[in-house]
Structures are given as structure tokens and as C-alpha cells.
Amino acid sequence: MVTIQDIKSNPLVNGFIETGNKHLGEMGFTDHGKMHLSVVSRVSRDIMLKLGYDERTAELAGIAAYMHDIGNVINRNGHSQSGSIMALEILRRAGMEPKEISIITAAIGNHDEGSGQPVNEVAAALILADKSHVHRNRVRNQDVATFDIHDRVNYAVQKSNLIVDGENKIITMDLTIDTNICPVMEYFEIFLSRMLMCQKAADYFGCKFELVINGAKLL
């Protein structure tokens, strides 16, 4: 049975992650390397467990999350679909069962807000975990004077927490933002489509999605 530790030690996976993250750095994107993927993997797994799913399904969510950005090694555009195909072959070689491969590849292929949908529970967890990872430690540009809007929004986030209340069926994204760096409106300017996608993912679980910024409930 393929585990998250097998994937984290896979040289192909790690090579694609490192090189893809380097490519995105050249284009001015925030960090999409092991730090981001480890956080999203842990949160995806936690979402599943807090909503009452079994350990193996939670493990599949962790695996999908750790692999979800490997397609960036090819191109940022369409990276969810290319990453899905790459993951399919990697998991097949690792000996994973076809049913589990199909769950993971569907999740990876549907995590991007441009075309993705919460087609299964693993995809829904991945969407929520990925879109909620907004934080200043993802900003690579150290020159504040040259920040673009993505840098400003991420750098302004001092604290980001995804709270899953399985009993009351509420999923809350709780952010603390330094509004001297980025007004809340700028957050919505670039992240509204992501928040709407999170709402769809929460709906898949039969949960309500809430967005709280600096203590104020906005969604």
C-alpha cells in the first residue's frame, strides 16, 4: 500500500517539485515548493479526519496534496492536468491500486480555480487546503518596494487558519491581515474566485463555508 512517506521519498516527485518551484520563482510566483506542499498535505488529511472519513481516505488526500503542483515543472498553464497525468504514471509504477489512482488524479486535475471542481471528497479537501494556504512566508521577493498585488496580499497575511467544525458542519477560513500592507479589498480582488471554489468544496461535504478576516465575518 502506497503511503505519503513513499511519495515524499520518491526522487521523481521531489525532482519535479524542486524544478517546478524554481520555474515559478523565475516568473515571480510565490513559493510552491516542499513547504507549501507539506502544509497543504497535512491540512488536507486533517480535513478528512475531522469530517469523519477513514484513515486511508485521509492518506489519499495527503498524497494528492503533496503531488498537486508537480505539473509546474512543465508549464504553469494547465499544470493541474499535466500534473494529474504525471501522478498517474508515478503512482502506477509505485504499485497503487487503480481505484486509488483515479481518486488522486481526479483531485490533482481539479484543484486549480481556472477549471477545477470538487469531483470527489479528496478533491474537495485539496481545494480547501490549497486555497487557504496564504501567508507571508510564501513570498520570495524580499524587496517590498517591488511587490506586485500577489506579493502584497500574501505578505500582509500574518496568520491563516482553516477551522473544520465537523459537528456543526462549518468550515472557516480565519485570516489576520495587516491592512497597512494590503487593504481587504485587494485580497478579494485576486482571491474571490478561490473563495468561491472553497465554497463549492465545502458544499460538497455538506458544510457551510465562512471567511473571517481580522475578526469580521465576510462570507
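The values are calculated or read from the model by the stated rules, or taken from the named source; none is laboratory data. Just so it is clear, the model here is predicted, and its values are computed rather than measured. Cβ sites come from the backbone with ideal geometry, for glycine too, and all protein chains shown count toward neighbours. To get the accessible areas, we keep the full protein, side chains included, count just its heavy atoms, and leave off ligands, DNA and RNA. Shrake-Rupley method; radii C 1.70, N 1.55, O 1.52, S 1.80 Å.
Points to keep in mind about this one:
- Among the residues of region 52-86, those that are in a helix (DSSP H, G or I), hydroxyl-bearing (Ser, Thr, Tyr) and farther than 10 Å from Gly109 by Cα comprise Thr57, Tyr66.
- The single residue among Asp130, Asp174 that is surrounded by 15 or more Cβ atoms within 10 Å (Cβ to Cβ), part of a strand (DSSP E or B) and not β-branched (Val, Ile, Thr) turns out to be Asp174.
- Scope region 24-41; condition part of a helix (DSSP H, G or I) and either in contact (Cβ under 8 Å) with a residue 24 or more places away in the chain or over 18 Å from the mean Cα position of the chain (by Cα) (or both); matching residues: Leu24, Gly25, Glu26, Met35, His36, Leu37, Ser38, Val39, Val40, Ser41
- Qualifying residue in region 71-91 (condition: at pLDDT below 95 and among the acidic types (Asp, Glu)): no
- Considering region 4-23, and only residues there that are free of Cβ contacts under 8 Å to residues at least 60 places away in the same chain and within 17 Å of Val39 (Cα to Cα), the residue that is least open to solvent (accessible area, probe 1.4 Å) turns out to be Ile17.
- Check on Ala156, open to solvent by less than 30 Å² (accessible area, probe 1.4 Å) and farther than 27 Å from Tyr204 by Cβ: yes
- The listed residue being part of a helix (DSSP H, G or I), charged (D, E, K, R) and out of contact with any strand residue (DSSP E or B) (no Cβ under 7 Å at 6 or more places or on another chain), out of Glu113, Glu89: Glu89
- Counted residues, region 133-149 - those being part of a helix (DSSP H, G or I) and touching a strand residue (DSSP E or B) at 6+ places or on another chain (Cβ under 7 Å): 1
- Residues of region 176-198 satisfying the condition of being more than 20 Å from the chain's Cα centre (by Cα) and of a type in the set (Val, Ile, Thr): Thr179, Ile181, Val184
- Where a residue in region 85-107 is more than 19 Å from Pro11 (Cβ to Cβ) and its partner, wherever it lies, is among the hydrophobic types (A, V, I, L, M, F, W, C) and open to solvent by 60 Å² or more (accessible area, probe 1.4 Å), with Cβ under 7 Å and at least six apart: Ile101/Leu88; Thr105/Leu88; Ala106/Val119
- Entry remark, region 150-161: residues being of a type in the set (Gly, Ala, Ser) and assigned to a strand (DSSP E or B) number 1 in total.
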